[in-house]
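Below: the structure, in structure tokens.
Just so you know, all these numbers are worked out from the coordinates, no wet-lab data involved. In this text, all values refer to a predicted model and were calculated from it rather than measured experimentally. Please note: Cβ atoms are built from the backbone with ideal geometry, for glycine as well, and neighbour counts cover all protein chains shown.
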Amino acid sequence: MAASRLPPGALSLKQFLRRQQVLHLYRKILRAIRDVPAEADRHYLKDWAREEFRRNKDATEEVRVGKPQPRAPALGNGRCAGLSLSRGFVL
């Protein structure tokens with residue numbers, strides 16, 4: 001068996017593709033947040049999204065990464081964000 005030419009820390013193809021999907025989702029969420037009219041709500045949602053992605057950055061379970069649970073964070077004024085994205089993702 002030939003030795004791999006990839007560096008020891010290189011991602012597999014499956015990991016690379018999943019990473020690209022997650023980055024695409026993150027960018028899509030940030031773009032959707034730009035459309036929120038209230039500046040305070042935009043700021044809250046942006047911080048929430050960043051924190052959730054940071055908190056889950058080491059998640060490796062395919063079920064957790066592949067099928068996010070839809071939920072809406074409460075905004076500072078007690079309302080729900082109600083942003084909906086394609087493919088069933090809800091903020």
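At-a-glance table
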| item | result |
| --- | --- |
| Residue-count net charge about R34 - beta-carbon cut-off 12 Å; Lys, Arg +1, Asp, Glu -1 | +2 |
| Rg and Dmax [Cα atoms of the stretch 1-61; Å; Rg one decimal, Dmax integer] | 16.7, 59 |
| Phi to ³J(HN,Hα) by Karplus 6.51 cos²θ - 1.76 cosθ + 1.60 over the stretch 27-37, Hz, x for Gly, Pro | 5, 5, 5, 5, 5, 5, 5, 4, 7, 6, x |
| Proxy reagent accessibility, fewest Cβ within 10 Å first, across D41, D47 | D47, D41 |
| Contour excess over end-to-end distance, with Cα ends at S4 and D58 and 0.36 nm allotted per residue | 16.9 nm |
| Two-site FRET efficiency, Q21 against H43, from Cβ-Cβ distance with R₀ of 30 Å, rounded to 0.05 | 0.70 |
